[in-house]
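Read through the structure below, which is laid out as structure tokens, and then see the notes.
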Amino acid sequence: MVVRYLEQGGGVASEGLRKLIPCVEKTPVAAGVDGIFVKVHDDPLSSPVDGPTQWPLRHFEELLEELIAIAEMATDANESIKIEDDVEVGGLVDTFGWS
């Protein structure tokens, strides 16, 4: 799970890199994933566990809007790219019928 890469330290509550959450979520969405996982809290600073790896609820709608826009662009881009059968890809002939 990608969120584990944002966690640092150990013990009962982890330390983390909250500022990287948008980037970590946007990258797979741009690649076309079908779902995401985001830890969200209304007040991450007061969360007894994993607060530094939680996205503030007050900023969640904005993040979702950005992710939706990226997903829509990725879908449009993926629909416009098509590999024809028997086209050389990286020196190999595509025999899998990808399209």
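Odds and ends about this structure:
- Between W55 and K39, V40, H41, the built amide H atoms are under 5 Å apart, and every one of these is 5 or more places off in sequence or on another chain.
- The simple spin-label model puts a point 7 Å past each Cα toward its Cβ; for E62 and V24 those points are separated by 2.0 nm.
- Computed from backbone phi with θ = phi - 60° and the Karplus coefficients 6.51, -1.76 and 1.60, the 3J(HN,Hα) list for the range 44-57 is x, 5, 9, 5, x, 9, 6, x, x, 9, 9, 8, x, 4 Hz; x is used for glycine and proline.
Since every read-out is calculated from the coordinates, none of them should be taken as a lab result. None of these values were measured; they are calculated from a predicted model. Neighbour counts are summed over all protein chains in view; Cβ atoms, including those assigned to glycine, are modelled from backbone coordinates with ideal geometry.
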